1. Can you work out which of the residues in region 111-159 that are polar (S, T, N, Q) and more than 10 Å from the chain's Cα centre (by Cα) is most open to solvent (accessible area, probe 1.4 Å)?
2. Only one of these is within 26 Å of Asp5 (Cα to Cα) and either open to solvent by 70 Å² or more (accessible area, probe 1.4 Å) or over 21 Å from the mean Cα position of the chain (by Cα) (or both): Glu284, Glu300, Glu307, Glu289. Name it.
3. Which of (1) more than 22 Å from Tyr194 (Cα to Cα); (2) in contact with a strand residue (DSSP E or B) (Cβ under 7 Å, 6 or more places away or on another chain) does Leu71 not meet, given it meets every other one?
4. Applying the selection to region 189-207, what residues are surrounded by 15 or more Cβ atoms within 10 Å (Cβ to Cβ) and among the hydrophobic types (A, V, I, L, M, F, W, C)?
5. Can you tell me which condition Pro251 does not meet? The list is (1) under 26 Å from Arg122 (Cβ atoms); (2) open to solvent by 60 Å² or more (accessible area, probe 1.4 Å), and all the others hold.
6. Take residues that are modelled with pLDDT under 95 and tell me which of the strands (runs of 3 or more DSSP E) falling wholly in region 206-298 contain 2 or more.
7. In region 210-230, how many are open to solvent by 10 Å² or more (accessible area, probe 1.4 Å) and without any contact (Cβ under 8 Å) to a residue 60 or more places away in the chain?
8. So for region 236-248 (the condition being of a type in the set (Ser, Thr, Tyr) and open to solvent by 70 Å² or more (accessible area, probe 1.4 Å)), does at least one residue qualify?
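The values are calculated or read from the model by the stated rules, or taken from the named source; none is laboratory data. This one's a predicted model, so the numbers in the text were calculated from it and none came from an experiment. Glycine also receives a Cβ, built like all others from the backbone with ideal geometry; neighbour counts cover every protein chain displayed. SASA here: full protein model, heavy atoms, side chains in, ligands and nucleic acids out. Shrake-Rupley method; radii C 1.70, N 1.55, O 1.52, S 1.80 Å.
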Amino acid sequence: MGTPDFAVPALRAVAAAGDVVCVVTQPDRPRGRGLVAGGTPVAVAAEALGLPVVRVADMKSLAVRDELASLAADVFAVVAFGAILTPAVLALPRAGCINLHGSLLPDYRGAAPVQRALWDGRSETGVCTLFMDEGIDTGDVIRCVRVPIRDDDDAGTLAVRLAEVGAPLLAESVVQAAEGRAARTPQDRKAGSYAKKLRKEDGVVDWALPAPTVWAHARAMTPWPGATTRFRGRSLQIVRSSPAAAAAAGPAGTLLESHGDGLRVACAQGVLVVTRLKPEGRAELDAAEWARGARLQPHERFESWKEQTT
């Protein structure tokens, strides 16, 4: 069971390790500028592997439960499926439901573990496999693998690496569970944290924070919902940046100077060097090139968080 790109490497690994009787994913949805209906990344990958695909809109449906029961599966392998499994569905497979989660549990249970780890400025994260229960990522842990967070990572690149590391881990855990030899380490439900789903408004940049904090936030919001700010009344996204220890010679958000290595923006403490950005309605480009085209005036600044949200 899975839906987005993050789940595709795991599907391939599990298919190579055992007999996949069915792939369950979300329904086809309109995609692209033309809003043409298309299958989920998992559906596309499953069909390329010659695997049967079931598209499920309502996991609470008795018809869906009966269809899944008819598979007589040993294990359900679940990765970023996008819907909560009911107790009745969790009870169907003989050896349980095994989930691949993109954090080092019990930290960052929930929908956005990759983004929240970046936003918090962590230097390390990882993936875990676990037996699913009725809670949100609270089941017994089978195994975890640590993954360092690189300075050039954003949520997109980090998710790709976590998916690749997690794929063989899930395949191994599924085989072990089916054979009755998977480890089970109970979680402390009072420990850890919850990584709630991101909202579009989470992407608004607050320049009145220290530069490392602004940088961590921008990385976490890339590629979605995007680290957004406004200049001269128009939106733009900070695509790539890095913090600098230089003193900020102006109020937060002030555009200080532009050089070949990027555009320097004042923060509450320090400076953020923006190297790539995407103006509203335009393609992504180097920040220095954008600055030349904008013909920046002295003391101009990006809008504050309050100005952008009121």
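1. Checking each candidate, the answer is Ser123.
2. Unique residue meeting the criteria: Glu284.
3. Leu71 satisfies every listed condition except (2).
4. Ala195, Leu198, Val204, Val205, Trp207
5. Result: Pro251 fails condition (1) only.
6. Output list reads 255-259.
7. Result for region 210-230: 1.
8. No - not one qualifying residue is present in region 236-248.
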